[in-house]
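Following: one structure in structure tokens, then a few remarks.
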Amino acid sequence: MQLNELLRELFSDDYEINYQGDVVAGTGTIDEQQLAIIGTTAHATIGIETALLLAQHVLTVVRSHPGRPILLLVDTQGQRLSRRDELLGAHGYLAHLSKCLEVARKQGNYLVSLVYGEGVSGGFLSFGMMADEIHALPDAQIRVMGLPAMARVMKIPLERLQALSASSPVFAPGIENFLRLGGVDSIWPHRLSNHLRTALKRAQEHGKYEQARTGRRQLADNVIKRVREDSA
Amino acid sequence: MSPSLAAHSFYEANARQRVAALLDTGSFQELLGPQERVTSPHLRKLELPVAFDDGVIIGTGLLGGNKVLIAAQEDGFMGGSVGEVHGAKITGLLQRALASRPQGVLLLLDSGGVRLHEANAGLIAVAHILRGILQLRHAGIPCIALIGGTNGCFGGMGIVARCCDTVIMSEEGRLGLSGPEVIETVAGVEEFDARDRALVWRTVGGKQRYLLGEAQRLVPDDIAAFRAAALAALTLSSSFDLSALEAEHVVLENRLARFGDCSDTLEIWNRMGLPDAEQLPLLDNEAFLAVATTIQSRRGA
């Protein structure tokens, strides 16, 4: 879905947004509540400049608008694969973005993220995955890596991976798979503003994402519980 | 290398040896050890070998008499990659730390990042680890990343490292987001020649990371040196709030403004005012730190 179309569905005409390259930021109003909007568009690659700009928007909202919820609009094809970015410490810039979002959340600027385009790898991890609530549109794409590239790196024939991906949600791209594994809370098929209302309410009422998505990954949850509680 | 030397090298040791030598003698108690045989069902499905610890060792121990929790990724199994069980063990350890409030949490990171064979579960696991670390930061429990192994520390684990209070590296350590091999495979050898070892270490190695401010301590490749640095870091719980992040933001902005047009570390080091920058990769740890100190005092840092 195009960003303008998405914003109209969420806020009717009650929003204002600015573009700086692939980064978007602004405000939207729903039920007389102001939300901050921060995100990317055009399947942005998250380079260090992008990460820094996103972090700047987060810090500004936390500093200037205590308690204002933030809607994170996710559309990224992942981190920029660049030797120059690595040279300058790309991991440090993405970590900074994650830390800014965590402090926002902790200070009461609740975070709802919506994957409306692509959510890929490190670009998704350091941004959209840090939210209290993580949702996706039906035509969104979420993945760590596409199957053909995966086949090359893993040295497993593509046909084998395609066959396996039909039965296992654990490595194949797709929002349904992330939904089954608890990486995404829900998919919003239509009436998006209603879903946003519900997500905001849940984020504010609970604000405890660390427990929110348990129960969908039995294996991981069981291991976490054993390690947490076993006597050494 | 003689056996006694090898026993002390962090780089040469495996995860179990690192943990044993890092902590007070005999103090390590493993949680969910190999005898429990919690292996990856996803690797089994692909008919690939599994490990009884899924490539990470976790437990409790003492460091200079201080109670710590520790995780060490095994470089020899699937590149230290984070699968579902591997990630859940680390997440469980971090949650345990939140409840038991040890003097610190040590993460011996040696990983290429998410395990592609279970990529979705791995990415979600890294997100949980990231959150777990940040919860500990809020709680004021020092998190210390130690990086000096054969895989380096890349992918999501590179982000995890920089969410810790302190990053300790050796010259041999590498820290970044996208590993050189990944960049070469996807973006081409002209973007990053992963087989050019001098280029790799000059770009993402310990010395570069230390001078850039991405690592707080640079130590020789010796487990005893890592131990001493980790012990000192137990008293360093850095503040984690809006003001601290605004300050970090300025640092990262300044770095980009100062060095954003550099295409090689030597340019950065020259611009920092380091004499004989091209000789720096050759210096031993002590001599290198002596040179580094001169620019840090000049900067007033």
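Read-outs: derived from the displayed coordinates by stated rules, not from any lab. Predicted model only: the values in this text are computed from it and were never measured. Counting neighbours? That spans all protein chains shown, and the Cβs are built from the backbone with ideal geometry, glycine included.
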*asked:* Of all beta bridges DSSP finds with both residues in chain B, what is the antiparallel percent, to the nearest 5?
replied: 40 percent
_Give me the one-decimal nm value for the distance between modelled label points at B:Asn270 and A:Arg63, 7 Å along each residue's Cα-to-Cβ direction._
3.5 nm
*Using a simple charge model, +1 on the beta-carbon of Lys and Arg, -1 on the beta-carbon of Asp and Glu, nothing else, what dipole does region B:170-267 show about its Cα centre, in debye to the nearest 20?*
420 debye
*When chain B is treated as a GNM, springs tying every alpha-carbon pair under 10 Å, which of B:Ser170, B:Ser27, B:Ser81 comes out with the largest mean-square fluctuation?*
B:Ser27
*Taking just the C-alpha trace of region B:1-153, give me its Rg and Dmax in Å.*
15.0, 44
*Would you mind classifying chain A by shape? Square roots of the alpha carbon gyration tensor eigenvalues, ordered a ≥ b ≥ c; an a/c under 1.5 is rounded, otherwise it is prolate if a/b is larger than b/c and oblate if not.*
rounded
_For a Förster distance of 25 Å, can you work out the FRET efficiency between the beta-carbons of B:Leu256 and B:Asp284, rounded to the nearest 0.05?_
0.20
*What is the spin-label model distance, in nm, from B:Thr150 to B:Ala244 if the labels are put 7 Å beyond Cα along the C-beta direction?*
3.6 nm
*What size of dipole, in debye to the nearest 20, comes out for chain B about its Cα centre when the only charges are +1 on Lys and Arg C-beta atoms and -1 on Asp and Glu C-beta atoms?*
940 debye
*Cysteines in chain B lacking a second Cys C-beta under 4.7 Å*: B:Cys153, B:Cys163, B:Cys262
*Write down the radius of gyration of region B:126-255 and its Dmax, each obtained from C-alpha positions, in Å.*
15.3, 45
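Quick check: convex hull over the Cα atoms of chain B, volume per residue in Å³, rounded to an integer?
Residue-normalised Cα hull volume stands at 144 Å³.
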*Run the quick spin-label model on B:Asp193 and A:Glu229: label points 7 Å from Cα toward the beta carbon, then report their separation in nm to one decimal.*
5.6 nm
*Counting only DSSP beta bridges with both residues in the protein assembly as shown, what percent are antiparallel, rounded to the nearest 5?*
40 percent
_Is there a quick way to get the dipole size of the protein assembly as shown? I mean about its Cα centre, with the Cβ of Lys and Arg at +1 and of Asp and Glu at -1; what is the value in debye to the nearest 20?_
1160 debye
*Return one quarter of the surface area of the convex hull spanned by the alpha-carbon atoms of region A:25-74, equal to its mean projected area, in nm².*
3.6 nm²
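So if I average 1/r over every pair of distinct C-alpha atoms in the protein assembly as shown and take the inverse, what Kirkwood radius in Å does that give?
This gives a value of 23.3 Å.
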*With the dipole of the protein assembly as shown worked out from charges on the C-beta (+1 for Lys and Arg, -1 for Asp and Glu) around the Cα centre, which of A:Ser126, B:Leu282, B:Val126 lies farthest toward the positive end?*
B:Val126
*Give the residue from B:Gly140, B:Ala99, B:Ala161 lying farthest towards the positive end of the charge dipole for region B:85-243; charges sit on Cβ (+1 for Lys and Arg, -1 for Asp and Glu) and the dipole is referred to the Cα centre.*
B:Ala99
_At most 11 other C-beta atoms within 10 Å and a DSSP loop state: those are the exposed GluC sites (Glu not before Pro) I care about. Give me the longest piece of chain B that has none._
B:48-189
*asked:* Calculate the FRET efficiency for A:Ser12 and A:His43 from the Cβ-Cβ distance with a Förster distance of 30 Å, rounded to the nearest 0.05.
replied: 0.70
*In chain B, which whole DSSP H runs stretch at least 27 Å along their own axis (Cα) and average -0.5 or higher on the Kyte-Doolittle scale?*
B:119-139
*Treating cross-link reach as a plain straight distance, find the lysines whose alpha-carbon is under 17 Å from the alpha-carbon of A:Lys106, omitting any fewer than eight places away in the same chain.*
A:Lys201, A:Lys208
